[in-house]
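The next block holds one structure in the form of structure tokens; read it before the comments.
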Amino acid sequence: MNISEKTCVEFVDVLASKSPVPGGGGAAALVGAIGMALGSMVCNLTIGKKKYAEYEESVKEILAKAGKLERELLEMIDKDAEGFYPLSQAYGLPTSTEEEKHIKEETMQKALKVACEVPINIVRVCYKAIKLHQELVDKGSRLAISDIGVGVQCLRAAILGAELNVVINVNSIKDQEYVDRVNAEMKELVEGGVQVCDEVFKKVEVSLGK
């Protein structure tokens, strides 16, 4: 799939349609990529400025990490659609006989785990991106401080949105060990990530005199 290569208008139009993909997972990945891109912009506006010379090397490191995370999130727009496709097909399997019901159930359970994989990774990557904003808010150009605020709010929405796409699938998975492991990881990353987002956003507000 080449969903990530669509124009903004094309992406929004197909997102609004009844097409099963892209959906919330792809939207979360895109919003996360935008959030991280805003962080990268702040890095680029900071590097080379004498006023922030003491942070030069650190900001360059943040920028390099940010670029990698942006690409990962953009790639996950298509990966999420690919991961959901088997599940969308499994929903339509026949259930006329006991054998068909059994086959459908087995197929569904496998497909549900596949559908979980990308949203789980979106949460992981968004958490890393949020942590970069936590570092950048104290080192980036004050002229672009509002963009750090917008960036973390995008990432806040992305990490929460991706988690919902995990939950909706995990709720139907019968492998309890898998469910418990995923839920524990998501709880730690999402709660931690949201807390950092709120702290960074508050710093931005204070810096702007709000």
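For the chain, the alpha-carbon coordinates run over 73, 37, 30 Å along the three principal axes, in decreasing order.
Among the chymotrypsin sites (Phe, Trp or Tyr not before Pro) found in region 82-176, those both in a DSSP coil and sparsely packed, with 15 or fewer other Cβ atoms within 10 Å of their Cβ, are Y91. Here is the result for region 87-143: no trypsin sites (Lys or Arg not before Pro) lie in DSSP coil with at most 15 other C-beta atoms within 10 angstrom of their C-beta. The angle between the Cα long axis of helix 176-207 and the main principal axis of the chain comes to about 30°, on a 0 to 90 degree scale.
Coupling constants for region 24-35 follow from the phi torsions by the Karplus curve (6.51 cos²θ - 1.76 cosθ + 1.60, θ = phi - 60°), and in residue order they are x, x, x, 5, 4, 4, 5, 4, x, 4, 5, x Hz; glycine and proline get x.
The residues of region 122-210 have, on average, 50 Å² of accessible surface per residue, using a 1.4 Å probe with all protein chains present.
For region 169-210, GluC sites (Glu not before Pro) meeting the loop criterion (DSSP other than H, G, I, E, B) and having at most 12 other Cβ atoms within 10 Å: none.
Every helix of 4 or more DSSP H residues in the chain counts as -39500 (n - 2.57), and over all residues that averages to -28000 deg cm²/dmol at 222 nm.
With all protein chains in place and a 1.4 Å probe, the accessible surface of region 51-210 carries 54 percent carbon and sulfur. Entry note, the chain: relative contact order of 28 percent, from Cα contacts under 8 Å with a spacing of 6+ residues. In region 44-121, one over the average inverse separation of all distinct C-alpha pairs is 15.9 Å, which is the Kirkwood hydrodynamic radius. Here the Karplus relation 6.51 cos²θ - 1.76 cosθ + 1.60, evaluated at θ = phi - 60°, turns the backbone of region 142-156 into coupling constants of 5, 5, 10, 4, 5, 5, 5, x, 5, x, 5, 5, 4, 5, 4 Hz, with x for every Gly and Pro. Think of a 1.4 Å ball rolled over the protein heavy atoms: region 27-89 then has 50 Å² of accessible area per residue. Which of the residue pairs K6/K139; K79/K139; K79/K131; K6/K65; K50/K203; K18/K202 have a Cα-Cα distance greater than 30 Å in the structure shown? Over 30 Å apart, Cα to Cα: K6/K139; K79/K139; K18/K202. In sequence order, region 76-88 has phi-based couplings of 6, 4, 6, 4, 5, 5, 5, x, 7, 4, x, 5, 4 Hz under the Karplus curve 6.51 cos²θ - 1.76 cosθ + 1.60, θ = phi - 60°, and Gly or Pro positions carry x.
Just to verify a number: FRET efficiency for A64 and Q109, C-beta to C-beta distance, R0 = 30 Å, to 0.05? Calculated transfer efficiency: 0.15.
Taking 0.36 nm per residue of separation and subtracting the Cα-Cα distance, full extension of the segment from Q176 to L143 would add 6.9 nm.
The values are calculated or read from the model by the stated rules, or taken from the named source; none is laboratory data. Note that the structure is predicted; figures quoted are calculated from it, not measured. Don't worry about glycine lacking a Cβ; one is built from the backbone with ideal geometry, like all the others, and counts go over all protein chains shown. For accessibility, only protein heavy atoms count, side chains too; no ligands or nucleic acids. Shrake-Rupley method; radii C 1.70, N 1.55, O 1.52, S 1.80 Å.
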